[in-house]
Amino acid sequence: MSDEYGCDHYGKYRVRMHSVPGIWERYEGYVDVYAPNENAAPERAKRELIRTSFPDRPASAWAVDSVIRIG
């Protein structure tokens with residue numbers, strides 16, 4: 001399966017994260033992303049949250065709890 005960049009050699013990762021304390025309502029959950037490695041997955045997950053669900057929150061508003069490869 002190809003990711004959004006057309007790369008089919010990326011793995012699929014589940015990134016569990018939560019929002020840091022601040023002016024926003026707390027969010028806790030996970031985002032599945034395709035990334036070249038485990039280290040790149042959290043940044044992709046943050047960008048996905050900002051792009052799709054939380055455009056008003058900066059990347060620094062998110063804390064990563066875990067990253068696991070799921071595919």
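The values are calculated or read from the model by the stated rules, or taken from the named source; none is laboratory data. As the structure is a prediction and not an experimental result, all values here were calculated from the model. Note that each Cβ is placed from the backbone with ideal geometry, even for glycine, and that neighbours are counted across all protein chains shown.
Give me a count of the residues in region 34-71 that are more than 18 Å from SER19 (Cα to Cα) and either surrounded by 13 or more Cβ atoms within 10 Å (Cβ to Cβ) or not polar (S, T, N, Q) (or both).
Count: 9.
Which residue pairs have Cβ atoms under 6 Å apart, sit 6 or more places apart or on different chains, and have a first residue in region 28-42 that is more than 12 Å from ARG69 (Cβ to Cβ) and among the charged types (D, E, K, R) and a second that is at pLDDT 95 or above and in a strand (DSSP E or B)?
GLU28/HIS18
Report, by residue number, each residue of region 36-71 that is in contact with a helix residue (DSSP H, G or I) (Cβ under 8 Å, 6 or more places away or on another chain) and closer than 10 Å to ARG14 by Cα.
VAL67
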